[in-house]
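To start, the structure under review is shown below, and the notes come after it.
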Amino acid sequence: PNPVGGPLNINTNGINSSKLSIYDYSGKRIFQTAMQNTSEVYDFTDKPHGVYFLVIEKDNCKTVKKIVRY
């Protein structure tokens, strides 16, 4: 769900071997992983309220989603 208050379930719709990064509003990367599965869970519980950016990269394709932490 977005806005998120706790764990965020990330599903890449069958695309695996993607690079997943999460950035805070200032552009600081707070999480990065190489996804070997098509889903990942990131827990926002301990993060401050605000806007974050989820970036999924695969080959030459990049998808950016805005996440709101309430």
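The values are calculated or read from the model by the stated rules, or taken from the named source; none is laboratory data. Quick caveat: nothing in here was measured; it's all calculated off a predicted structure. For neighbour counting, all protein chains shown are included, and Cβ atoms are generated from backbone atoms with ideal geometry for every residue, glycine included. Protein only, heavy atoms only, side chains kept; ligands, DNA and RNA dropped before computing areas. Shrake-Rupley method; radii C 1.70, N 1.55, O 1.52, S 1.80 Å.
Surface exposure of the chain, expressed per residue as accessible area with a 1.4 Å probe, stands at 66 Å². Rounded to a whole number, what % of the accessible area of the chain do carbon and sulfur atoms account for, probe 1.4 Å? Its accessible area is 48 percent carbon and sulfur atoms. Charged neighbours of Leu20, selected by a Cβ distance under 9 Å, balance to -1 (K, R count +1; D, E count -1). Rg and Dmax of the chain, based on Cα coordinates, read 11.6, 32 Å. Give the residues of the range 42-56 whose amide nitrogen is closer than 13 Å to a point set 7 Å from the Cα of Ser21 in the direction of its Cβ. In the range 42-56, the label zone of Ser21 (backbone N under 13 Å from the point 7 Å along Cα→Cβ) covers 53-56.
Using a 1.4 angstrom probe with every protein chain in place, what is the largest-first accessible-area order of Lys19, Lys62?
Working: Lys19 80, Lys62 130 Å².
Most to least solvent-accessible, the answer reads Lys62, Lys19.
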